[in-house]
1. Filter region 243-283 down to the residues that are over 17 Å from the mean Cα position of the chain (by Cα), more than 16 Å from Leu141 (Cα to Cα) and modelled with pLDDT of 85 or more, then identify the one that is surrounded by the most Cβ atoms within 10 Å (Cβ to Cβ).
2. Just wondering, is there one or more residues in region 401-421 that are in contact with a helix residue (DSSP H, G or I) (Cβ under 8 Å, 6 or more places away or on another chain), open to solvent by less than 40 Å² (accessible area, probe 1.4 Å) and part of a helix (DSSP H, G or I)?
3. For region 92-114, which positions are open to solvent by less than 30 Å² (accessible area, probe 1.4 Å) and more than 30 Å from Val422 (Cα to Cα)?
4. Quick check on region 198-236: of everything there that is open to solvent by 50 Å² or more (accessible area, probe 1.4 Å) and either assigned to a strand (DSSP E or B) or touching a Pro at 6+ places or on another chain (Cβ under 6 Å) (or both), which residue is modelled with the lowest pLDDT?
5. Go through region 181-221 and give me each residue that's in contact with a strand residue (DSSP E or B) (Cβ under 7 Å, 6 or more places away or on another chain), among the acidic types (Asp, Glu) and over 15 Å from Leu139 (Cβ atoms).
6. Can you give me the number of residues within region 462-479 that are open to solvent by less than 30 Å² (accessible area, probe 1.4 Å) and within 20 Å of Arg400 (Cα to Cα)?
7. Restricting attention to region 34-69, and to residues there that are at pLDDT 85 or above, open to solvent by less than 40 Å² (accessible area, probe 1.4 Å) and aromatic (Phe, Trp, Tyr), which single residue is farthest from Leu9 (Cα to Cα)?
8. Looking at region 284-319 only, could you name the residues that are more than 19 Å from the chain's Cα centre (by Cα) and aromatic (Phe, Trp, Tyr)?
Amino acid sequence: MWELRTLELLIAFFLFLPLIRPFVKNLWGLDGLSLLPLLALGIFIGLFPAYGIRPECLPLGLYVIFLNWVHLSALSSVFQRMRNDDFRDRGPVASGIYLGVLIAVTALAVYFAPSLDMDLEESGVSTSVIHDQVRNVNLYLRVYAPSPDQGRETPGAPGLSGQALRKGPLLLLVPPAAGSVLVVDRLCEDLSRRGFTVLSYSRQGVDAPAVRETGAKQLLSPVRSIRLFQAIFQGTRRAAANNLGRAIEEERMRDLEFLIASIRNRGDSDPPLPVSADRSCIFIAAYGAGGAALTTMASVPGFAGKNPAIRGIISLEGPILSALGHEPLKTPGLSRTEAGFLRFLLADIGARLSNLRPRKIAGFDALPSPEIPAFFILSDRALYSRYRERRYMSVLECFRKGNNPAALARVPGAGPLDYSDVPKKYPLLSLLFPGDLKPIWSQEEYIPGTASLITNFAAAILQDDSLRRTPLEESIYIDINRAWYLAPREYILGL
């Protein structure tokens, strides 16, 4: 990620020169240095369309804004072609503090810049757009073809000169709304090497960012971004944020229904899948709100009978916000005829005032139970009551009370953002939201580790050699519900 680091260092250099100007006599006459903080601000603003939201750059950006405010009078003098010697009034202590803060925020930005190239994988990947006419929305698709040496053999297709056509399961992967396909691109690439044909997508207005078939990125508005992060981080605690999360889940569910119907019906709006994709053998993996939507959708009566090709689902860190109930609204609790008008009025006012405070989450509305085998992958925080009884309560109860085979994995040291390539794409977020145990995966191992969990689970369902299983650490916490009929822990661990 040298390009991003170079731009961050360039921003720091443009801020450094005006700050050392009081100490270097040769710079006193260069009034144009007062323009450099403004140029640094322009470069910083350009980082976000180019690289998306970079949390490690935010302190540097705030400092750029602060220094522009500090140099506002000098900047005004430059535009009016007037001399300005105010910079010499800044004492050595203040200048030292300014330089120290600059070094700190620059070191933070450079050290936590991603080690993974921000460009999307192109080799073996086809892109297209598919339009949902009912909702009038576009889904931007990316299809990752499997490696030639993977997949199971099927009879040769016409026009192949008798050669066997190697087919493998189709994996539909729903990316996290925060980070979108840029976050899971390497995960999709790894899964394709293990035998899957992987179909992923993004959508403008939901994903941050959405990536068009041309590779152009479309960012969310600031308001939508704030709502998205409220839903992610407060959706299991506060009713208002929970409603925002429910809306995202509903969008993901509509996306899934449209894509599944397109694959099943093979109409004109079909996703353009390669011949290596076995449409009769489908797995669906979904992150965050998509995982919650997938779990809920698979629990609708008749889902398994209507979709026999779907063999299993995988939810990655997907608390089911739509399953959580809200605190009930307060009522007067009195009968107007029995209590009298004044007493009833006071009780009614008290109830209305009480209802003005933010409501919290309380219990369940409805608990889904998928009709097909399900695999839940969670942070190891789910082992502890302070998280288990809040963020992960819905998933754990869904797992325990399910009537169909289900497995649940918690990787030691993995935080709620670590199951895709967040540790490499957003190292600062991985540091801020870690797991509670000692990690068993390094930063480089999260992508192949997550791909191994998904692949080994699918192999446990298929019970054949169409997918390449990989041995995993035996210390990974894997639970099996009472409905399972295989030996899944050994299969999911690749043993």
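The values are calculated or read from the model by the stated rules, or taken from the named source; none is laboratory data. Everything numeric in this text was worked out from a predicted model, so none of it was measured. With ideal geometry, Cβ positions are generated from the backbone for all residues, glycine too; neighbour counts draw on all protein chains shown. Side chains included, ligands, DNA and RNA excluded: accessible areas come from the protein's heavy atoms. Shrake-Rupley method; radii C 1.70, N 1.55, O 1.52, S 1.80 Å.
1. Phe283
2. Keep residues of region 401-421 that are in contact with a helix residue (DSSP H, G or I) (Cβ under 8 Å, 6 or more places away or on another chain), which gives 405-421.
Okay, now just the ones that are also open to solvent by less than 40 Å² (accessible area, probe 1.4 Å), so 405-421.
Pick out the ones that are also part of a helix (DSSP H, G or I) and you get none.
No: region 401-421 contains no residue that is in contact with a helix residue (DSSP H, G or I) (Cβ under 8 Å, 6 or more places away or on another chain), open to solvent by less than 40 Å² (accessible area, probe 1.4 Å) and part of a helix (DSSP H, G or I).
3. To start, the set of residues in region 92-114 that are open to solvent by less than 30 Å² (accessible area, probe 1.4 Å) comprises 95, 102, 105-106, 109, 113-114.
Within region 92-114, just Ser95 meets the criteria.
4. The selected residue is Leu219.
5. Across region 181-221, the qualifying residue is only Glu189.
6. So the count comes out to 2.
7. Tyr63
8. Phe303
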